[in-house]
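Below: the structure, in structure tokens.
The values are calculated or read from the model by the stated rules, or taken from the named source; none is laboratory data. From a predicted model like this one, the values you see are computed outputs, not experimental measurements. Cβ placement follows ideal geometry from the backbone for every residue including glycine, while neighbour counts extend to all protein chains displayed.
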Amino acid sequence: MDVVLPCLDEAEALPWVLDRIPPGYRAVVADNGSRDGSARLARERGAVVVDVPRRGYGAAVHAGLLAADADVVCVCDADASLDPAQLPKLVAELTAGRADLVLGRRRPTSFRAWPPHARLGNAIVAQRLRRRGVGVHDLGPMRVARRAELLRLPITDRRFGYPLELLLRAAQAGWRIVETDVDYHPRAGRSKVTGTPLGTARTVRDMTAALASLR
């Protein structure tokens, strides 16, 4: 199994994240232009590192998928908010044939892990996805699927809207999407998207517009 870790300036978190990669899994760090030595640190710890000059979460994930070569691939944030050691329970749902896409549904371990404004924003977007027939409650950044099938989905967004489009395209393709609870910890450093109520409001606004544009 390969674990794609989209990364932008996560040197503070990467040691813990890479140390928690399960045995038999390979870390693929998709570095999106870090200036804090994240790429060097990841290489020193044995991860495969792919440099991704095009900015955007979706660009990093896509580049990581292209660099991976395992049949089953996992995606996980590199900010220490999610524990890669929990990936095998998601993989088990996929390999047992119970799902085509497994999402880690975040369960905060403390109040600080998921501030109310960020949690509300996620709930609003998830509700709008459910109205489109996508039965999810979280746009979870931890997920597992088969690499070849992922790359066949017609996802064009290479920025923050990538997870949204992924879920919509997967549902349109008839994928069985399953959510599995995972622990959600306070991230290392400040969120680049939903770190403030204003940032969350902008993200919800932009994701709603992105969802409306998808057919």
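Among the residues of the range 66-100, which ones are in contact (Cβ under 8 Å) with a residue 60 or more places away in the chain, within 21 Å of ALA171 (Cα to Cα) and more than 12 Å from the chain's Cα centre (by Cα)?
Selection gives ASP71, VAL72, LEU90, VAL91, GLU93, ARG98, ALA99, ASP100.
Please work out which residue is surrounded by the fewest Cβ atoms within 10 Å (Cβ to Cβ), limiting yourself to the range 20-57 and to residues that are closer than 16 Å to CYS74 by Cβ and charged (D, E, K, R).
ARG26
Select from the range 143-156 the residues that are in contact with a Phe, Trp or Tyr (Cβ under 9 Å, 6 or more places away or on another chain) and surrounded by 19 or more Cβ atoms within 10 Å (Cβ to Cβ) and write down the one among them that is farthest from ARG98 (Cα to Cα).
Among those that are in contact with a Phe, Trp or Tyr (Cβ under 9 Å, 6 or more places away or on another chain) and surrounded by 19 or more Cβ atoms within 10 Å (Cβ to Cβ), it is ILE155.
So, restricting to helices (runs of 4 or more DSSP H) that lie completely within the range 21-104, which ones have at least 1 residues that are within 21 Å of GLU149 (Cα to Cα)? Spell out the reasoning first.
On the way: elements: 38-44, 57-67, 87-95.
Output list reads 57-67, 87-95.
Of all the residues that make up the range 83-119, how many are at pLDDT below 95 and exposed (fewer than 14 other Cβ atoms within 10 Å of the Cβ)?
4
Only one of ALA27, ALA42, ALA47 is under 23 Å from LEU94 (Cα atoms) and touching a strand residue (DSSP E or B) at 6+ places or on another chain (Cβ under 9 Å); which?
After applying the criteria, what remains is ALA27.
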